[in-house]
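Visitor: Submitted below is the structure of interest, expressed as structure tokens.
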Amino acid sequence: MSGANTSSPTILERGAKMAKRSPLLGFIPRESFMHSLTGTTKLIMMLVASVATMIGFDPRFLAVMVVLSIVIWVSSRISLRELAVVLWLILLFMVLNNVMIFVFAPQYGTEIYGTTHTLLQGWGRYTVTAEQLFYQLNVTLKYFAVLPIALLFIVTTSPSEFASSLNRIGIPYKAAYSVSLALRYIPDVQREYREISQAQQARGIDTSKDVPMSTRVRNSAAILLPLLLSSLERIETISTAMELRGFGKGKRRSWFTSRPLQARDWIAIVVSFGLLALSIALLRINGGRFYNPFL
């Protein structure tokens, strides 16, 4: 057709692009240092780093954690584009959290540090102070220090290894296997959603940005209902298969993907606990959780 707009993508082209997308939040296989570590090591790293980061508000320590997180991310060979949706959601939540802190507690920083250095005179208690900005800087640094490690733990650890690592640190294997099934199911749901969406678009039900938002919301019901029904059928199939295989009969089970700790795993664990020890030591050096540069 000569009058057709050849610059706009067709339904088949949009479907091809959707098929090439990586899972929203699932295991991404690579050859990297983070992938070579066992799931137990990465789980310990994430938990210890989270505790070390959360117990104090020292920007010097948090800056070190941010740099380490960036180095670990680069070494994992995971591009930001592969987790763009998740990262944008985290960024949005971080900005919203900072806004809400200032809206509901604009003078919390002055209460913590005991001084007031006004930077911008506002209305009533909504005055911008150096103490408040310094406190919210610490809050922001915590996001950049912890979340990259947590995301990398998810995308560099296969679901089976994740389950075995949970079981190794004392989590009952039934609960650990439930987590593994949930992680396996996320990419399956995303793939099935894309397949149903492409099938519905081939029938003329468009959910792309080319149609108004009200139409997209109305047409999405034609995708979500089949997705829900197929998910329920999949759950029944999996539960029946597990029951037939006697899952849960024994008190213990073996794991196919379980790996022994090697030298690099022990080094990573020691470094993690060293950072935790440094964070605890800073509590004593700073006289509490908050480093106060305004004294």
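The values are calculated or read from the model by the stated rules, or taken from the named source; none is laboratory data. Since the structure is predicted, the reported quantities are computational estimates derived from the model, not experimental observations. Reconstructed Cβ throughout: ideal geometry from the backbone, glycine too, with neighbour counts over all protein chains shown. Accessible surface areas use protein heavy atoms only, side chains included; no ligands, DNA or RNA. Shrake-Rupley method; radii C 1.70, N 1.55, O 1.52, S 1.80 Å.
Visitor: Can you tell me how many residues within segment 55-95 are in a helix (DSSP H, G or I), within 17 Å of the chain's Cα centre (by Cα) and either among the aromatic types (Phe, Trp, Tyr) or over 29 Å from ILE285 (Cβ atoms) (or both)?
Guide: So the count comes out to 18.
Visitor: Sticking with this one: Could you check how many residues of segment 212-259 are surrounded by 14 or more Cβ atoms within 10 Å (Cβ to Cβ) and in a loop (DSSP other than H, G, I, E, B)?
Guide: 6
Visitor: Moving to a separate point now. Being open to solvent by less than 80 Å² (accessible area, probe 1.4 Å) and either without any contact (Cβ under 8 Å) to a residue 12 or more places away in the chain or of a type in the set (A, V, I, L, M) (or both) is the filter here; which residues of segment 277-295 pass it? Steps first, please.
Guide: Taking segment 277-295 as the starting set, the residues that turn out to be open to solvent by less than 80 Å² (accessible area, probe 1.4 Å) are 277, 279, 281-283, 286-288, 290-294.
Scanning segment 277-295 gives ALA277, ALA281, LEU282, LEU283, GLY287, GLY288.
Visitor: Restricted to segment 99-132, and to residues that are open to solvent by 70 Å² or more (accessible area, probe 1.4 Å) and touching a helix residue (DSSP H, G or I) at 6+ places or on another chain (Cβ under 7 Å), which residue is farthest from ASP58 (Cα to Cα)?
Guide: LEU119
Visitor: Moving on. Does SER178 satisfy the condition of being more than 26 Å from SER36 (Cβ to Cβ), more than 25 Å from the chain's Cα centre (by Cα), modelled with pLDDT under 80 and assigned to a helix (DSSP H, G or I)? I'd like the intermediate steps shown before the answer.
Guide: Numbers: more than 26 Å from SER36 (Cβ to Cβ): yes; more than 25 Å from the chain's Cα centre (by Cα): no; modelled with pLDDT under 80: yes; assigned to a helix (DSSP H, G or I): yes.
Against the criterion (more than 26 Å from SER36 (Cβ to Cβ), more than 25 Å from the chain's Cα centre (by Cα), modelled with pLDDT under 80 and assigned to a helix (DSSP H, G or I)), SER178 does not qualify.
Visitor: Restricting the search to segment 260-276, which residues are over 19 Å from VAL66 (Cβ atoms) and open to solvent by less than 60 Å² (accessible area, probe 1.4 Å)?
Guide: Within segment 260-276, LEU261, ASP265, ILE269 qualify.
Visitor: Just to be sure I understand, how many residues within segment 223-276 are touching a residue at least 60 places away in the same chain (Cβ under 8 Å), farther than 21 Å from ARG184 by Cα and among the basic types (Lys, Arg)?
Guide: The number of residues fulfilling the criteria is 2.
Visitor: Could I ask something else about it? Which residue pairs have Cβ atoms closer than 6 Å, lie 6 or more positions apart in sequence or on different chains, and pair a first residue in segment 164-178 that is of a type outside the set (A, V, I, L, M, F, W, C) with a second residue that is modelled with pLDDT under 80 and not in a helix (DSSP H, G or I)?
Guide: What qualifies is SER164/TRP255; SER164/THR257; SER164/SER258; TYR173/ARG253; LYS174/GLY248.
Visitor: On the given criteria, is LEU229 in contact with a Pro (Cβ under 8 Å, 6 or more places away or on another chain) and modelled with pLDDT of 75 or more? Before the answer, list the steps.
Guide: Values: in contact with a Pro (Cβ under 8 Å, 6 or more places away or on another chain): no; modelled with pLDDT of 75 or more: yes.
When the stated conditions are applied, LEU229 does not pass them.
Visitor: So, one more: With the structure loaded, tell me whether ALA49 is more than 30 Å from ARG284 (Cα to Cα), out of contact with any strand residue (DSSP E or B) (no Cβ under 8 Å at 6 or more places or on another chain) and open to solvent by less than 40 Å² (accessible area, probe 1.4 Å) or whether it fails that test.
Guide: Details: more than 30 Å from ARG284 (Cα to Cα): no; out of contact with any strand residue (DSSP E or B) (no Cβ under 8 Å at 6 or more places or on another chain): yes; open to solvent by less than 40 Å² (accessible area, probe 1.4 Å): yes.
No; evaluated as a whole, the condition is false for this residue.
Visitor: So, in segment 57-86, exactly how many residues are at pLDDT 90 or above and more than 23 Å from GLU31 (Cβ to Cβ)?
Guide: So the count comes out to 11.
Visitor: Restricting the search to segment 54-75, which residues are polar (S, T, N, Q) and surrounded by fewer than 20 Cβ atoms within 10 Å (Cβ to Cβ)? Spell out the reasoning first.
Guide: Step one: filter segment 54-75 for residues polar (S, T, N, Q), giving 69, 75.
Within segment 54-75, SER75 is the sole residue that qualifies.
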